[in-house]
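The values are calculated or read from the model by the stated rules, or taken from the named source; none is laboratory data. Note that the coordinates shown come from a computational prediction; the quantities given were computed from them, not determined experimentally. For neighbour counting, all protein chains shown are included, and Cβ atoms are generated from backbone atoms with ideal geometry for every residue, glycine included. The protein model used for the area step is the full one, side chains on, heavy atoms only, and it has no ligands, DNA or RNA in it. Shrake-Rupley method; radii C 1.70, N 1.55, O 1.52, S 1.80 Å.
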Amino acid sequence: MQILGGHIVVGVDDDARPFPPGIAGEHQKWFDEATLRPILAKWLPEPFELRTAVHAIGDCTVALVFVAPNVDGFCIMKIDGAYGRAGKDHLVFRRGDVFARHGTSSERWRQSDINRVWQNMAAASKEAWRTELRDDLAELGIARGAQRLIEGPAGNFTWRLDTAAFDAAALELFRRNDDIPLQRSLNEATADAADLLDNRKWDELATLVGRVTSLAAQAVTYHRREWFDRALKSLANIYRLGFAPNQGYSRSEGLGTDVWLLVLEHIIALGALAVRVEDWQAVRAITVQPPGADDYYTTWLRHGLTMAARANRFTGPDQRSKSLITMAAERAASMPALRPDIGVGDDQLITSMCQFDILAALAIIAATGTIDRRGWYTNFARFHSSRTEPAVTRLLTDSEMRAILFPRPDSELAAALREIDRAASNEGAMLNGWHGFDNPAVQRFLDGTAAPES
């Protein structure tokens with residue numbers, strides 16, 4: 001696991017559900033980091049990073065072990081690993097072996113694993129380079145702080161800065177109402193995105209999309225509507241790079257699908273932030289964006305999701321399906337601007353993404369005047385109704401929110417909610433997720449509102 005990193009959960013079944021009683025009381029001590037580390041150090045060379053925690057979930061005790069990617073790219077076993085059974089020694093690995101995760105298996109590494117190692121090391125090196133760039137600028141007379149950074153040429157504010165410097169400088173530019181570096185950075189990002197995509201510099205493109213999203217996120221947080229609109233336009237332009245000129249759906253090698261999914265992960269996280277700060281105009285603006293060259297799917301949310309699903313982008317190496325919402329949450333976890341109000345592991349992140357998802361469906365139905373599913377999808381259906389339903393309850397009582405997201409008669413809102421519930425229930429039944437509306441206020445609204453006349 002030291003190639004890609006990851007988590008080990010002990011005390012759950014194969015579907016990751018708690019399996020009571022979980023870890024017995026006398027075994028919980030083994031998952032204390034101070035106990036586990038020296039045991040592993042017998043076989044694993046330093047440095048290696050891990051974190052452990054034990055949690056009680058109802059009547060089940062589970063342990064969580066986080067394994068960080070190794071700073072050297074992989075781990076080489078330092079001694080033989082064997083155990084005795086029935087009077088015989090069984091050799092599991094030898095000194096000098098390197099193992100990698102292949103789906104749910106740990107196996108000796110293959111030639112194909114080397115590329116993954118290089119990619120991880122390159123990404124880490126580039127983030128370090130971005131930090132060094134900020135320091136280099138300081139040595140040239142531009143101080144480390146964001147205030148001094150932006151006092152130099154407008155070109156100092158670039159998506160190539162490291163995360164902390166970019167976010168701090170953007171905030172300072174907002175405070176000073178200095179629009180030229182901001183607009184220049186968005187122009188640069190849009191132009192550079194096309195080159196990065198054509199030259200297959202995928203990790204750099206992901207960084208660029210992240211910086212533009214961070215700018216939009218700070219604009220939402222600090223109520224800078226103009227810059228939110230401009231950053232969102234840049235994201236839409238980057239999304240449309242996935243359409244090859246004069247062709248149908250995508251560039252060669254599936255890069256169109258990759259860029260669509262990349263942007264989609266970021267805008268779901270951006271929409272969740274807009275929900276948490278109750279910026280309903282931003283929620284609607286993110287939602288109703290058309291995809292571009294495709295005239296069948298009415299929004300980029302539906303288009304990107306469908307294209308990624310057709311390309312099997314939601315199927316993991318273990319053949320289990322992944323959720324767009326959890327993928328977006330992983331993006332947000334690494335981007336402080338997308339979660340200024342909550343911590344990395346705060347459960348509210350997933351909840352606000354579920355609420356954005358159902359509000360997006362409603363806003364699209366209102367904007368298009370039809371419940372046709374070519375514009376929306378129920379990603380939230382994978383999760384329990386209690387996460388998503390409060391957004392609907394709020395919509396029924398908040399007139400300002402309703403006027404922005406669903407400015408149509410009650411009969412049409414009820415019809416939209418019934419159709420969304422029907423779609424979500426079909427998917428939720430397979431995933432032990434959405435099971436319908438529970439709130440009495442929502443039920444009364446649906447029971448008391450007649451369907452619109454055809």
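Conditions tested, residue by residue: (1) touching a residue at least 40 places away in the same chain (Cβ under 8 Å); (2) open to solvent by less than 30 Å² (accessible area, probe 1.4 Å); (3) in contact with a helix residue (DSSP H, G or I) (Cβ under 8 Å, 6 or more places away or on another chain).
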{"site": "VAL263", "(1), (2), (3)": "yes, yes, yes"}
{"site": "ILE268", "(1), (2), (3)": "yes, yes, yes"}
{"site": "ILE286", "(1), (2), (3)": "yes, yes, yes"}
{"site": "ASP295", "(1), (2), (3)": "no, no, no"}
{"site": "THR298", "(1), (2), (3)": "yes, no, yes"}
Taking the condition of a type in the set (Asp, Glu) and either more than 30 Å from LEU215 (Cα to Cα) or open to solvent by less than 10 Å² (accessible area, probe 1.4 Å) (or both), does ASP341 pass?
no
Just one of the numbered conditions (1) surrounded by 12 or more Cβ atoms within 10 Å (Cβ to Cβ); (2) small (Gly, Ala, Ser); (3) under 31 Å from the mean Cα position of the chain (by Cα) is not true of GLY58; which one?
(1)
Residue ID - most open to solvent (accessible area, probe 1.4 Å), chosen from residues in region 92-121 that are of a type in the set (Gly, Ala, Ser) and part of a loop (DSSP other than H, G, I, E, B)
GLY96
Does any residue in region 397-425 that is touching a residue at least 40 places away in the same chain (Cβ under 8 Å) come within less than 6 Å, Cβ to Cβ, of a residue that is open to solvent by less than 40 Å² (accessible area, probe 1.4 Å) and of a type in the set (Phe, Trp, Tyr) six or more places away or on a different chain, and which pairs are these?
MET401/TRP280; ILE404/TRP280; LEU405/TRP280; LEU413/PHE406; ALA424/TRP434
Residue tally, condition hydroxyl-bearing (Ser, Thr, Tyr) and surrounded by 23 or more Cβ atoms within 10 Å (Cβ to Cβ), over region 208-233:
1
Go over the candidates PHE166, PHE228 one by one and state the one that is of a type in the set (Phe, Trp, Tyr) and modelled with pLDDT of 95 or more.
PHE228
Which members of region 190-223 meet the condition of being among the charged types (D, E, K, R), part of a helix (DSSP H, G or I) and over 18 Å from the mean Cα position of the chain (by Cα)?
ASP192, ASP195, ASP198
Please tell me if GLN2 is surrounded by 14 or more Cβ atoms within 10 Å (Cβ to Cβ) and within 30 Å of LYS322 (Cβ to Cβ).
yes
Does ALA53 satisfy being open to solvent by 30 Å² or more (accessible area, probe 1.4 Å) and either assigned to a strand (DSSP E or B) or within 19 Å of HIS7 (Cβ to Cβ) (or both)?
yes
Suppose we keep only residues that are open to solvent by 40 Å² or more (accessible area, probe 1.4 Å) and of a type in the set (A, V, I, L, M, F, W, C) within region 344-378. Which one would you say is farthest from PHE406 (Cα to Cα)?
VAL344
Of the residues that make up region 63-86, is at least one on the phi > 0 side of the Ramachandran plot, small (Gly, Ala, Ser), open to solvent by less than 60 Å² (accessible area, probe 1.4 Å) and within 32 Å of the chain's Cα centre (by Cα)?
yes
Please tell me if ARG175 is part of a helix (DSSP H, G or I), modelled with pLDDT under 90 and open to solvent by 10 Å² or more (accessible area, probe 1.4 Å).
yes
Taking region 426-454 on its own, how many of its residues are closer than 18 Å to THR393 by Cα and among the hydroxyl-bearing types (Ser, Thr, Tyr)?
1
Given the structure, is GLU226 assigned to a helix (DSSP H, G or I) and in contact (Cβ under 8 Å) with a residue 60 or more places away in the chain?
no
So PRO340 clears everything in (1) within 23 Å of VAL288 (Cβ to Cβ); (2) touching a helix residue (DSSP H, G or I) at 6+ places or on another chain (Cβ under 8 Å) except one condition, right? Which one?
(1)
